[in-house]
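Peer 1: My questions will all concern the structure given below.
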Amino acid sequence: MRTVYVVSGGVSKFAKARPNRTFPAIVKEAYDYAVTDLGLEHPQFQELVDGSVASYFSDHFARQLMAGIMIQDYLGLCPKPGHRVEGGGATGGICFQEAWKSVASGDTDVCLAYGFETMSHVNTWKGNEFIALASDISFDYPVGGFYSGYYAMMVTRHMQEFGTTPEQLAHVSVKNHMNAFYNPYSQNPARLTVADVRQAPMVAWPLTRLDICVMSDGAAAVVLASEEGLTKLEQAAGRRLPRVKVAGIGRGTDAMRLADRPHQSYETFLKQNLLPSEDTAETRAYYKNLWDHGFRYPGVHSFRAGRMASKQAYARAGIADPLHQIDFVELHDAYTSSEIQTYEDMGLCRYGEGGPFAASGAPFMPNIDYGLTFDPIPNTQYPKWRKGLIPVNPSGGLIACGHPVGATGLMQAVFALWQLQGTIGKHFHDDTLQLKNACRGAIHSHAGTGTYVTVSILEKEM
Amino acid sequence: MTEPRFATKLPETDDGAILFNVPFPAELNAETLAALKEMAPIIVKQPYAINYIHSYGQDSPFFAGLANGRLLGSMDPDSGYTYATPRGHDMTSGAETDWVDLTGREARVHTFTVCHFGSEEFLPETPFILALIEFEGADTLFLGRLIGLDPNAAGLDWVGMRVGLRFRRNSKFKPTDVYFYPLEIRGD
């Protein structure tokens, strides 16, 4: 496999509705931004790009089959190769990885990944119905198909198993809405308190409206290139481009139906799912104790797909200690609860510790005042967690940026690229969210009830 | 950003006005043509309804069972691994599963939620309780509706609650032909 660089990206404004543009024209906004940021004009880029991958989740939302080719056509990329990928909420993450494969394999030197979703074309409740069609339509959907309900059942079990509290979930909402204040691309910035989150209308107990992301219209685009492709782009641009490479990718899957998720033994977990960073006598004892008290893995409280995606990506990127070897994470926080579940899958903390991890301040930005007091909670238990230890969703995540499904995973790649380039100030017109000395970031894209999950590691080349 | 106690915003609806024309420049010239780029979008409603012919395929006996007051799961013939939500083939052995009757087994709430909102199809039924049910001797769960509890009194003490199952007499051939109710009241 060849080294693959992420060289440029663009994101359209995410909004509740973008009736002023058709979907190809919304993608064009993101594409133009990415090309302009390279210092190129479309005809120059058109000459150098070898192919594309298109990302959108739902043919129901689009009500246009082969929407991918309409974008390829509108962008002026015909007759170059291209195809569409689909994998629920992880569609954008899968698109990024397929573009990576295209370049890594030598099929292309410069590959464009673009994605969109236009969810405003039906009302919110019909939109929820469309999304719920991504659950088994014989056994799950007819019972009351509603993704917020599915995630609420997961977190109810998480609370039961681990003592996670709704207030810990609310910390994630406060963080992501507040981060979004400094991100002009975000749809839903807000200054909230934990009480605001808990007092918002209950959607699916225990999740309130402020625990859940919103529907969006929007698009994102990313340019990936090989060493040769990068050289060609640099020659055309007349300047050296920052080196941000993809250090490793990983992907995992799990059963479509939540009900079918296994309840594995401790031994199977150790063999298949334990991260190298967890392979200590102390953590083995911690997990053994969980199993002795009836914990089973993954059950409905944990995402095995997210764990396996992380494990594969870390192994390929040479990450032994994710908490300390990754500088920030953009992860798929469709729900505050899924952000907490994902901390655990990604090994930022152990299974069961996601709630205290959120409330410790560790995933918050170090330089922003959230109006929260971070408990020096059982300081003796978690002595190494401190505010800003590993910012998660510095952009505001899905909860505050919006979640136009096919664009989301690519949006994460763009924001991660800008972090690693050190260009957040340029793109956001505010450098509050720019992390100092960010060298390595992880992006995490997640589908269904944890059915497809992708993790990709981006790294600044020194 | 405290939510007001009473709604201060009307929900959006899909019914618009019937409209046969919109303003347009009386004369087209360079200036009016350029101004068209600033025109507000025309948004039209396009009804979209279908009848879809869905087959339950190899899962059909499950629905026939519900219509006849039986809850069927499936089981790997060798390992005995039992699926409370049936599947035609076992995920470990790859072998075709056998049908197994779960109707009389002890059932408990594994986890639940109360949906105060829902997809459009189910919105009129809110609030309703979704629960994943565990059955004695089964390795996987079953998603169903739980009734007979106060939806405003949700609490973790519902987890682990013993439940009974009932069947609709007039089957709709949906998984909701079976539903669950508490055999013990907790949290009151």
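The values are calculated or read from the model by the stated rules, or taken from the named source; none is laboratory data. Keep in mind that this is a model prediction, so the values were computed, not measured. Here Cβ is always computed from backbone atoms with ideal geometry, including for glycine, and neighbour counts include all displayed protein chains. Heavy atoms of the whole protein, side chains included, go into the accessibility calculation; ligands, DNA and RNA do not. Shrake-Rupley method; radii C 1.70, N 1.55, O 1.52, S 1.80 Å.
Peer 1: Counting only residues that are facing chain B (nearest Cβ under 10 Å) and assigned to a loop (DSSP other than H, G, I, E, B), which one in the range A:136-166 is surrounded by the most Cβ atoms within 10 Å (Cβ to Cβ)?
Peer 2: Taking the range A:136-166 and keeping what is facing chain B (nearest Cβ under 10 Å), we get A:136-161, A:163.
In the following step, the residues that additionally are assigned to a loop (DSSP other than H, G, I, E, B) were identified as A:136-140, A:145-146, A:163.
Details: A:Asp136: 22, A:Ile137: 13, A:Ser138: 19, A:Phe139: 23, A:Asp140: 24, A:Gly145: 25, A:Phe146: 30, A:Gly163: 12.
Filtering first and then ranking leaves A:Phe146.
Peer 1: In addition: Within the range A:1-101, which strands (runs of 3 or more DSSP E) (wholly inside it) include 1 or more residues that are touching a residue at least 60 places away in the same chain (Cβ under 8 Å)?
Peer 2: Correct list: A:5-11, A:51-55.
Peer 1: In addition: Does A:Glu344 qualify as being closer than 30 Å to A:Ser12 by Cα, charged (D, E, K, R) and outside any loop (DSSP other than H, G, I, E, B)? Write out each step before concluding.
Peer 2: Details: closer than 30 Å to A:Ser12 by Cα: no; charged (D, E, K, R): yes; outside any loop (DSSP other than H, G, I, E, B): yes.
Criteria not met by A:Glu344.
Peer 1: Now, a different point. I'd like to check something: does the range A:234-255 contain any residue that is within 14 Å of chain B (Cβ to nearest Cβ), of a type in the set (A, V, I, L, M) and assigned to a loop (DSSP other than H, G, I, E, B)?
Peer 2: yes
Peer 1: What pairs can you find where one residue is in the range B:23-47 and closer than 30 Å to A:Lys126 by Cβ, the other is surrounded by 10 or more Cβ atoms within 10 Å (Cβ to Cβ), and their Cβ atoms are less than 6 Å apart, with a gap of 6+ or different chains?
Peer 2: B:Pro41/A:Pro19; B:Pro41/A:Asn20; B:Ile43/A:Pro19
Peer 1: For residues in the range A:188-202 being more than 23 Å from the chain's Cα centre (by Cα) and open to solvent by 10 Å² or more (accessible area, probe 1.4 Å), which is farthest from the other protein chains (Cβ to nearest Cβ)? Walk me through it before giving the result.
Peer 2: Going residue by residue through the range A:188-202, those that are more than 23 Å from the chain's Cα centre (by Cα) are A:193-196, A:198-202.
Next cut, open to solvent by 10 Å² or more (accessible area, probe 1.4 Å) only: A:193-196, A:198-199, A:201-202.
On the way: A:Thr193: 9, A:Val194: 12, A:Ala195: 8, A:Asp196: 5, A:Arg198: 11, A:Gln199: 6, A:Pro201: 6, A:Met202: 5 Å.
The qualifying residue farthest from the other protein chains (Cβ to nearest Cβ) is A:Val194.
Peer 1: Considering only the range A:115-135, state which residues are assigned to a loop (DSSP other than H, G, I, E, B) and touching a strand residue (DSSP E or B) at 6+ places or on another chain (Cβ under 8 Å).
Peer 2: Initially, the range A:115-135 is screened for residues assigned to a loop (DSSP other than H, G, I, E, B), giving A:119-123, A:133-135.
Within the range A:115-135, A:Met119, A:Ser120 qualify.
Peer 1: Looking at the range B:90-137, which of the residues that are in contact with an Asp or Glu (Cβ under 9 Å, 6 or more places away or on another chain), open to solvent by 10 Å² or more (accessible area, probe 1.4 Å) and hydroxyl-bearing (Ser, Thr, Tyr) is farthest from the other protein chains (Cβ to nearest Cβ)?
Peer 2: B:Ser93
Peer 1: Now a separate question. When the residues of the range B:140-158 are narrowed to those that are more than 7 Å from chain A (Cβ to nearest Cβ) and charged (D, E, K, R), which ends up surrounded by the most Cβ atoms within 10 Å (Cβ to Cβ)?
Peer 2: B:Asp157
Peer 1: How many residues are open to solvent by less than 10 Å² (accessible area, probe 1.4 Å), in a helix (DSSP H, G or I) and polar (S, T, N, Q) if we restrict to the range A:167-184? Lay out the reasoning, then the answer.
Peer 2: Residues of the range A:167-184 that are open to solvent by less than 10 Å² (accessible area, probe 1.4 Å), as a first pass: A:169-170, A:172-180, A:183.
Remaining after also requiring in a helix (DSSP H, G or I): A:169-170, A:172-180.
Then keep just the ones that are polar (S, T, N, Q); that gives A:173, A:176, A:179.
Adding up the residues that qualify gives 3.
Peer 1: Now a separate question. Can you name every residue in the range A:433-447 that is more than 22 Å from A:Tyr185 (Cβ to Cβ) and open to solvent by less than 20 Å² (accessible area, probe 1.4 Å)? Step through it out loud before you land on a result.
Peer 2: First, the residues of the range A:433-447 that are more than 22 Å from A:Tyr185 (Cβ to Cβ): A:437, A:439-440, A:447.
The answer is A:Ala447, and nothing else.
Peer 1: Next up: Among the candidates B:Phe62, B:Phe24, which residue alone is away from chain A (no Cβ under 14 Å) and aromatic (Phe, Trp, Tyr)? Step through it out loud before you land on a result.
Peer 2: Values: B:Phe62 fails: away from chain A (no Cβ under 14 Å).
From the options B:Phe62, B:Phe24, the qualifying one is B:Phe24.
Peer 1: Which condition number does B:Arg108 fail, the rest of (1) among the basic types (Lys, Arg); (2) in a loop (DSSP other than H, G, I, E, B); (3) within 22 Å of the chain's Cα centre (by Cα) being met?
Peer 2: Evaluating B:Arg108 over (1) among the basic types (Lys, Arg); (2) in a loop (DSSP other than H, G, I, E, B); (3) within 22 Å of the chain's Cα centre (by Cα) leaves (2) as the failure.
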